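Chemist: Before we start, here is the structure in question, set down as structure tokens.
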Amino acid sequence: MPELIFDSVTELIEKVHLKPSPANFGHHTSERFRSGNANPENVSRTKWIGEDVDLDGAMKIIAHGYPNGDRLIQKVLAEALPEIPKITSLRRRRTQGDFGDHIDIQRVYAGQLDRAWSKTRREPSTGITRPSKTLLIDVGGHCELRAEQLVWQGAYGAALADRYAEAGYNVEIWAVATSGRERAGEINRRMFTDKKNDGGCTVAVRLYDSSTPLDLSNLAATICFAGFYRILLFEAWLSINRPACGGLGGYNNLYMPDAFKAEDADFVGNVLSLDDIKADVHRRFKQEEVV
């Protein structure tokens, strides 16, 4: 399966925005973007990208912020996602008493029998090296999904990132989506017209590396705005010099890119409502042991 990996949103925009490959210059989506429209003619702007704006207005949201996305993240934090226990480590500490594992004969000779024995016990400590957490947030979906459904995945991913950061993790965040013609019950994807079963194509964009302090407002302007997916990630697929299929969305986007298979990456996706998030939180933290 072809994969496109971008190290930042800035790199994504510089490489793909209004830059379709020769093979896709005449694709109807490329033509739509060149005309300044962010949505297909038969779908309203609000249903497609979530806001009544054209292509230029959508790009301004991505660049300058998205208050509606901020509010959605806060809703998930308040109503669906409990706090994650802060990370602790067990350090060893030697203590003295009147029983234990080792005896100090000098204390016995000195008559200090209540302190002659010692043992090692383990105590919690928060002064430790922060572990890392990589979140792959699925921002994609098929064309029949409304923008108001798509954005729950991003809001959930941003809320999870915030909780993990509060708990002491260094968090790395990627937006991912897989395009292809897979539907329920089918295992073959089709992304390009020059090959029937090409496996689709996955795009991954780094939003935060583990050394950068988390800013939820920046996340809201990308993964909580359907225009980010339906403009920039569509343009990423159109930048490949192979003729793309008419539809660019995917019916099942939960695909682990090869670049992340060696890592302990955590997929976040397949949620289209607050109730879906609550169900996933129950599953995720019932099984997950925070160390």
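Chemist: Scan region 36-70 for residues that are within 18 Å of the chain's Cα centre (by Cα) and part of a helix (DSSP H, G or I) and report the count.
Modeler: Summing the residues that are within 18 Å of the chain's Cα centre (by Cα) and part of a helix (DSSP H, G or I) in region 36-70 gives 3.
Chemist: Would you say residue 226 is of a type in the set (Gly, Ala, Ser), out of contact with any strand residue (DSSP E or B) (no Cβ under 9 Å at 6 or more places or on another chain), modelled with pLDDT of 90 or more and under 25 Å from residue 50 (Cα atoms)?
Modeler: yes
The values are calculated or read from the model by the stated rules, or taken from the named source; none is laboratory data. Note that the coordinates shown come from a computational prediction; the quantities given were computed from them, not determined experimentally. Backbone-built Cβ (ideal geometry, glycine too); neighbour counts: all protein chains shown.
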